[in-house]
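Enquirer: The structure's right below; bear with me while I get my questions together.
The values are calculated or read from the model by the stated rules, or taken from the named source; none is laboratory data. For clarity, every value in this text was computed on a predicted model and none was experimentally measured. Note that each Cβ is placed from the backbone with ideal geometry, even for glycine, and that neighbours are counted across all protein chains shown. With ligands, DNA and RNA removed, areas are computed over all heavy atoms of the protein, side chains included. Shrake-Rupley method; radii C 1.70, N 1.55, O 1.52, S 1.80 Å.
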Amino acid sequence: MATAPIVIPENDPRNPVPFPLPRLAGPDQVPDHVPEALIRSTNMLFNPEFLADPYAYFSGMHEKLPPIYYDVGRMGNAWNLTKHEDAFFALRHGEYFSSASSTPFPRDPSDYFYFLPIEIDPPMHRKYRAIVDPLVNPQAVLKWEERIRKLSNDLIDAVIAKGECEFTEDFARPLPVCVFLDLMGLPQDMRDQFVTWVVQLLKNFDPAQMIPTMKIIGDYLKSAIEDKRKNPDEGMISRIVHAAPNGEPLSDKEIFGFVFFVFIAGIDTVYATLNNIWYWLARNPDRRHEMMADPDNINAQVEELLRVFSVTFSGRILKQDLELRGVQMKAGDRLTSILPACNYDPEVFPEPRKIDFHRPRKPILAFAGGVHSCMGAHLARLEIKIGLQEWLKRIPEFSVKPGAEIKYPPSAVVGPEPLPLVW
């Protein structure tokens, strides 16, 4: 199928319009410039091999697939990158790669908005990051240490005498979500409802079914935004609502798109990482003991576990033609960096499946990179670090509950669920 040249529009968040480039999907919508030899149909998120062990699958991609291939399927057609160097390049070169229309969430064309700042390219992107960076930079997140440590111990207190827990519901979700709700200025008593909404959105791949959930979340956030207009506080929503970069207040569309994106992004990623880590710890007592015997190395331990258990992907659209590794891609092509696979690139991380807490430090892509690197990366690292410290101090010996069948549900955020543990 031939594709006409495409011009990526300058996205104006104050006057957002639906992105003009349709999402191609299926074998009958492969552009003519894509070589047949590079076409694959992995159906990755629903592939039984992937769902049986996603991280073995990510590692195996380097042997089984070309470093750049064109993946075709019902979720949409796109070039996939699995090499660390290529993803690193894509994440840092906005002159080639646009973040416009980078999220799959459906929106009403007559009431359109952009998810900010993820769907905005530089230099305008910086305007939005600067609003929230003071709340999530390395120095700012340190003020949450005492809260995270107390919350970790409160959650452990609730289950330790039982000798068992369902880790997802009893620790992995409430720990980061409770901190996030405090950061946002949202009510703790709605935690479970918020989680339900976001899980429904991220684990549903049918736009028709996503739309009702989008409306429910949107209606709630509109009311929260109005509340913060009248009752400002120190939370992130209030900061966004009352921001006036260069003396110009944000428009209603900007505020809504910004708050909506932060809400989704903050609720459903750290828990998956915690589940992955604890699942590994439960099956590897010798490595648990190694970590506990070397507490001063906790930062390196966290970084290596983040490398091995990355949970998300990163999408872009090509703004101009580009040749990468001899592969000719055209303006308008969609592209996905398979970040967990990139963190298993043997050219960058020798013996990539080996968890080595003394591995030489190299940039990992667990939180993407470049201007669109995850806003919550510093807070996430702190939550994982403290969660590990407090859990291993109080429940050093634990395992997966006998007879439990651990599954990875199809999701854009990769993690096992549920995760029943015993001690």
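Enquirer: Looking only at the stretch 314-331, filter to residues that are surrounded by 21 or more Cβ atoms within 10 Å (Cβ to Cβ) and out of contact with any Lys or Arg (no Cβ under 9 Å at 6 or more places or on another chain); which one of those is farthest from THR103 (Cα to Cα)?
Expert: Ranking the qualifying residues of the stretch 314-331, first place goes to MET329.
Enquirer: Using beta carbons and a limit of 6 Å, which pairs, at least six apart or on different chains, have the first residue in the stretch 356-383 and farther than 19 Å from ARG129 by Cβ and open to solvent by 30 Å² or more (accessible area, probe 1.4 Å) and the second one of a type in the set (Asp, Glu) and modelled with pLDDT of 90 or more?
Expert: ARG359/GLU304
Enquirer: Quick one: in the stretch 305-323, which of the residues that are in a strand (DSSP E or B) and within 25 Å of the chain's Cα centre (by Cα) is nearest to ARG361 (Cα to Cα)?
Expert: Across the stretch 305-323, the extreme among qualifying residues is SER314.
Enquirer: While we're looking at this one, here's another question. Of the residues ASP321, ASP333, ASP356, which single one is of a type in the set (Asp, Glu) and under 26 Å from ALA380 (Cα atoms)?
Expert: ASP356
Enquirer: Restricting attention to the stretch 90-102, which residues are assigned to a loop (DSSP other than H, G, I, E, B) and surrounded by fewer than 17 Cβ atoms within 10 Å (Cβ to Cβ)?
Expert: HIS93, GLU95
Enquirer: Here is a follow-up. Got a number for residues in the stretch 248-264 being buried (at least 21 other Cβ atoms within 10 Å of the Cβ) and outside any helix (DSSP H, G or I)?
Expert: Qualifying residue count, the stretch 248-264: 1.
Enquirer: Give the stretch 360-375 a look and list any residue that's of a type outside the set (Gly, Ala, Ser) and either touching a Phe, Trp or Tyr at 6+ places or on another chain (Cβ under 6 Å) or assigned to a loop (DSSP other than H, G, I, E, B) (or both), or say none.
Expert: PRO360, ARG361, LYS362, PRO363, ILE364, LEU365, PHE367, CYS374, MET375
Enquirer: Take the stretch 30-78 and flag every residue that is of a type in the set (Asp, Glu), within 24 Å of MET329 (Cβ to Cβ) and at pLDDT 95 or above.
Expert: GLU36, GLU63, ASP71
Enquirer: Next question, about the same structure. Count, please, the residues in the stretch 35-56 that happen to be buried (at least 18 other Cβ atoms within 10 Å of the Cβ) and closer than 29 Å to LEU21 by Cα.
Expert: Counting residues in the stretch 35-56 that are buried (at least 18 other Cβ atoms within 10 Å of the Cβ) and closer than 29 Å to LEU21 by Cα gives 3.
Enquirer: Anything in the stretch 57-89 that is open to solvent by 40 Å² or more (accessible area, probe 1.4 Å) and either touching a helix residue (DSSP H, G or I) at 6+ places or on another chain (Cβ under 9 Å) or more than 11 Å from ASP345 (Cα to Cα) (or both)? List them, or say none.
Expert: Answer for the stretch 57-89, where residues must be open to solvent by 40 Å² or more (accessible area, probe 1.4 Å) and either touching a helix residue (DSSP H, G or I) at 6+ places or on another chain (Cβ under 9 Å) or more than 11 Å from ASP345 (Cα to Cα) (or both): HIS62, LYS64, PRO67, ARG74, MET75, GLU85, PHE88, PHE89.
Enquirer: On to the next question. How many of the residues in the stretch 91-123 are more than 21 Å from GLY332 (Cβ to Cβ) and out of contact with any Gly (no Cβ under 8 Å at 6 or more places or on another chain)?
Expert: 5
Enquirer: While we're on this one: Kindly indicate the residue of the stretch 105-164 that is of a type in the set (Val, Ile, Thr) and farther than 25 Å from GLN188 by Cα and also most open to solvent (accessible area, probe 1.4 Å) among those meeting that condition.
Expert: By that ranking, first place goes to ILE118.
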